[in-house]
Structures are given as structure tokens and as C-alpha cells.
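Here is the structure we will look at, set down as C-alpha cells.
The values are calculated or read from the model by the stated rules, or taken from the named source; none is laboratory data. A quick note: this is a predicted structure, and the numbers were derived from the prediction, not measured. Note that we place each Cβ from the backbone using ideal geometry, even for glycine, and neighbour counts take in every protein chain shown.
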Amino acid sequence: MSGIDLYWLPLGAGGHFVRLNGKLFERLAAWREHRERLDLYHSALQVYVPEGRFVVEQAPAWGEGSSRGVVAGGPVGARALGRFRLFRYEIRCWRDGVIPDLADAVESPRRVSGEAADAQRVLELAPRVPTPVWGRDELGAGEMWNSNSTISWLLARAGLAVESIRLPHGGRAPGWRAGIAVASRDVPCSRPD
């Protein structure tokens, strides 16, 4: 079986600190944009290829032990803070990996592709995801870069119809559009030798 499944995970499902900060962030964003508050979601992928199942996601660099398929990483909040592990994120492409809050996923999984070539391409692209400061718009995409940006960038660069992917009802995924915007203007990635 080959393919790519997308999961929408409620922000902070695995921890009170992230959930509280997410609610504060959304309250301020809704007030500033003159709209109702929405639920916030974080995205992750499970990618199936003949060699096995891989979890692809962006997460804090200080969690889940040492063997987690880290392929890239970057700073959180400010570049200078990135010297400290507490203020770093990592991009994982983890064979037989775990999505800690998978049981809390909403309207998931969503099959994005059933093609082996698409699944392989996402895995090849994972180490090439841009790694700007998390929570900032260093790349001029119009919104902050975060875990959703990583996933949407991967899907867009793999040539999938990422703009047609629906968010969970009553929710939003900050950073999703940033990944699409950056992927559309990057020069095409070449396949690894």
C-alpha cells in the first residue's frame, strides 16, 4: 500500500501549555480580524511506501526520545533563541514513527494521494523544507511559518492539489497558506542523486 494521509490535530491536544497559548493567540487574532474565534489545528502526515510507514511532521526538538527521524530543524520565536534546545523545532521523517496526539485527530485521516511516486517525492523533499524562525514571517509569505507551513510546503512541492484540501469544520490552520506561497515561488527541487 502506498499513499499519503493527512491528519488534523487540535492544537495543544497533548499539552496544556500549548493549548492555552493557542487559545490566547486565536482570541487576539479573532479580535484583530473582527471575526469569531475558531479552533486551531496542527497538521501531520503518514506516508506509506513499499519500505514502510513514515510520520512526517514538525515538532519541538525536546520531545519523544532520540530516535525520531530528524531531517532538519530551526529556531522558535527568534533566531538568537535557537541556540537553546527549548527554542528549537525539528522536522521529522520518522520510519514507524508516532504522532503523539493521533487519537485526537479531527476529520482524519484524509487521503491526499494513493500514488507511490507522490509518497516517495514527499519523503525525498522532507530534508529540503525551509527552516525559517517558527512563528515569524521571515520568508514574506503573509503569515507566520509553523508546522502547517511545513506540511503544506511538502504537499505543494510534491505537485499535489494542496489548495483543495479542506480544513476541519469550524477551524483554521495558521501557517498553511505560508507553505503554499513559499512552495509556489521556490525553484523546483531536484531529486537526490
In region 115-139, residue nearest to the chain's Cα centre (by Cα) [restricted to those that are of a type outside the set (D, E, K, R) and over 14 Å from THR150 (Cβ atoms)]: ALA119
Of the numbered conditions (1) free of Cβ contacts under 8 Å to residues at least 40 places away in the same chain; (2) more than 24 Å from GLY77 (Cα to Cα), LEU167 satisfies every one except a single condition; which is it? (1)
Among the numbered criteria (1) aromatic (Phe, Trp, Tyr); (2) modelled with pLDDT under 95; (3) under 17 Å from LEU6 (Cβ atoms), which one does TRP153 miss? (2)
With region 82-193 as the region, which helices (runs of 4 or more DSSP H) entirely inside it contain at least 3 residues that are hydroxyl-bearing (Ser, Thr, Tyr) and crowded, with 23+ Cβ neighbours inside 10 Å? 147-157
Considering residues that are in a loop (DSSP other than H, G, I, E, B) and in contact with a helix residue (DSSP H, G or I) (Cβ under 6 Å, 6 or more places away or on another chain), the number found within region 37-76 is 3
Does ALA72 fit the bill of being touching a Ser or Thr at 6+ places or on another chain (Cβ under 9 Å), at pLDDT below 90, surrounded by 15 or more Cβ atoms within 10 Å (Cβ to Cβ) and not hydroxyl-bearing (Ser, Thr, Tyr)? no
